[in-house]
Amino acid sequence: MGRKKSIGLYHRALEVIPGGVNSPVRAFQAIGVPPSFIERAKGSKIFDVDGHEYIDYVGSWGPMILGHAHPKIVAALKKALPKGTSYGAPTPLEVELASKVKKAFPSMELVRMVSSGTEAVMSAIRVARGYTGRPNVIKFEGCYHGHGDSLLVKAGSGATTFGIPDSLGIPEDLAKHTQTATYNDLESVKILVSQYPEQIACVIVEPIAGNMGVVLPERGFLEGLRKICDERGIVLIFDEVISGFRTAYGGAQEIYKIKADMTCLGKIIGGGLPVGAYGGKRAMMDKVSPLGGVYQAGTLSGNPLAMTAGITTLELLRAKKVYQDLGKKTLYLTEKIAECAEERGLPFTINQATGLFTLFFTEGPVRDYRTAKTSNPKRFAQFFIEMMKQGIYLPPSQFEAWFISLAHTQKDLDRTIEACDAAFKRL
Ligand code: HOZ
């Protein structure tokens with residue numbers, strides 16, 4: 001079966017949408033073929049307009065932890081829909097979701113809902129600047145925190161995939177306020193902190209990095225950041241847009257037992273609808289308007305449909321053994337893929353946390369941006385195409401995470417392993 005309809009749609013899209021897509025990572029540019037256009041999704045599968053069925057490991061880049069179109073989410077949304085889609089006024093649903101988030105992330109003493117992870121991060125940084133009265137931000141090379149101006153410096157995800165980690169359109173005057181350190185290297189942070197005394201408002205980090213591929217924090221890294229920030233009065237921001245409610249209900253903060261001053265969330269807390277949230281210590285969040293002088297607002301913030309999908313998702317994630325089950329699936333898949341790659345004599349590294357992983361085509365170890373970049377993107381592109389031919393839909397870049405959902409069955413996992421083995425043979 002060909003991809004005639006997708007290709008036709010892509011050409012039409014190119015006439016009306018930049019690059020034919022509404023977010024660059026969807027464009028398959030690193031693969032060199034037009035993207036598939038999706039018609040529908042159910043459980044672990046997505047279906048394109050040409051009638052192909054794929055086992056999906058993109059999962060909308062993380063939110064679909066329960067699988068697509070989960071019957072309980074669909075039912076909750078159907079019930080909510082006739083009540084109206086947006087009021088621009090407070091609702092009980094916002095209070096309920098914020099309470100659930102606060103319970104899972106006790107460091108988020110106050111929580112503000114927004115409409116995307118990017119918005120959450122932009123706002124958290126504004127609060128950190130407003131609270132400390134300092135201008136500068138330390139981020140880590142290869143971490144991606146959405147497309148806010150201050151964060152598109154040495155950024156991961158699509159920015160790395162397309163070779164533009166520093167975006168055009170960001171005034172030098174603003175970019176100079178972002179300093180970049182090396183992931184898993186505390187020394188690089190200490191150097192910046194002493195180079196810019198009393199100027200660093202915040203350190204922002206993905207505590208489990210997912211946007212240069214998956215990279216885990218080494219022992220002592222997050223603890224070290226906590227210590228440096230405490231000593232220097234710097235706000236420590238954890239971007240848990242990917243890791244939150246995925247790697248554990250309470251995200252990386254639950255796993256590593258470290259409290260951030262501020263946390264950014266998105267993806268899963270909207271159950272597949274557009275949502276973000278930021279929150280943190282009361283003293284910091286008290287700066288947010290209407291309490292304080294840091295202005296941040298949004299017409300669709302706390303949208304009732306998004307809140308409904310988020311609440312239902314979090315309720316379902318409270319069921320027993322959810323994370324154990326997800327962790328087992330992740331381990332099974334990664335161990336079997338590793339066995340196949342080893343048998344074929346391929347240089348590879350797999351980094352994984354519960355619910356997500358990356359297969360890097362490099363001997364590794366992959367512990368930061370530099371080592372992630374030693375992977376072979378051409379080999380990845382070939383692998384991607386071979387997998388797609390066998391009905392497996394992967395993130396179309398070496399520098400992204402594969403997302404596993406609770407809907408992936410043993411059969412799905414075994415089919416994926418077989419497909420990997422066959423693809424490895426052809427590389
Ligand atoms: N953080 C996601 C990719 N790593 C976002 C998806 C997007 O940029 O479209």
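Read the figures in this text as sums done on the coordinates, not as results from a lab. Being a predicted model, the structure only gives us computed values, none of them experimental. Glycine also receives a Cβ, built like all others from the backbone with ideal geometry; neighbour counts cover every protein chain displayed.
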Please label the shape of the range 36-165 as rounded, prolate or oblate, based on the square roots a ≥ b ≥ c of the eigenvalues of the alpha-carbon gyration tensor (a/c under 1.5 means rounded; beyond that, a/b larger than b/c means prolate, else oblate).
-> oblate
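How much mean residue ellipticity at 222 nm does the chain get from its helices, if each DSSP H run of length 4 or more adds -39500 (n - 2.57) and you divide by all residues, to the nearest 500 deg cm²/dmol?
Numbers: 15 runs with 162 residues, N = 427.
My calculation for the chain gives -11500 deg cm²/dmol from helical runs alone.
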Short version: ³J(HN,Hα) in whole Hz for each residue of the range 229-242, in order, from phi by Karplus 6.51 cos²θ - 1.76 cosθ + 1.60 (θ = phi - 60°), x for Gly and Pro, what are they?
-> 5, 4, 5, 9, x, 9, 7, 9, 10, 9, 8, 10, 4, 8
Taking only C-alpha pairs under 8 Å that are 6+ residues apart, what is the relative contact order of the range 361-417 in percent?
-> 24 percent
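Sequence gap at least 6, Cα distance under 8 Å: using those rules, report the relative contact order of the range 94-172 to the nearest whole percent. Walk me through the intermediate numbers first.
Values: 69 pairs, mean separation 13.9, N = 79.
Once divided by the residue count of the range 94-172, the mean separation gives 18 percent.
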Qualifying lysines (Cα of each under 22 Å from Cα of Lys389; at least 8 residues distant if same chain) | Lys4, Lys5, Lys42, Lys45, Lys336, Lys378, Lys411, Lys425
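Run the numbers on the chain and let me know its relative contact order in percent, using alpha-carbon pairs under 8 Å that are six or more apart.
Values: 860 pairs, mean separation 93.9, N = 427.
This gives 22 percent for the chain.
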How many nm is it between the label spots at Thr85 and Lys72, if each spot is 7 Å from the Cα in line with the beta carbon?
-> 2.6 nm
Hits among aspartates and glutamates - C-alpha to C-alpha of Lys79 under 14 Å, sequence gap 8 or more where chains match = none
With only alpha-carbon atoms counted, please give the Rg and Dmax of the range 91-169, in Å.
-> 15.1, 44
In square nanometres, what is the average projected area of the Cα convex hull of the chain?
-> 19.9 nm²
Take peptides 385-397, 5-17, 43-55 and line them up by average Cβ neighbours within 10 Å, highest first, as a rough protection proxy.
-> 385-397, 43-55, 5-17
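Using the Cβ atoms and a cut-off under 9 Å, what net charge is assigned to the surroundings of His68, where Lys and Arg are +1 and Asp and Glu are -1? It would help to have the intermediate numbers written out before the result.
Numbers: positive: Arg40, Lys42, Lys45; negative: Asp56.
Once all neighbours under 9 Å are counted, the net charge is +2.
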Can you list the lysines whose alpha carbon is less than 18 Å from that of Lys257, not counting same-chain residues fewer than 8 positions off?
-> Lys102, Lys103, Lys227, Lys281
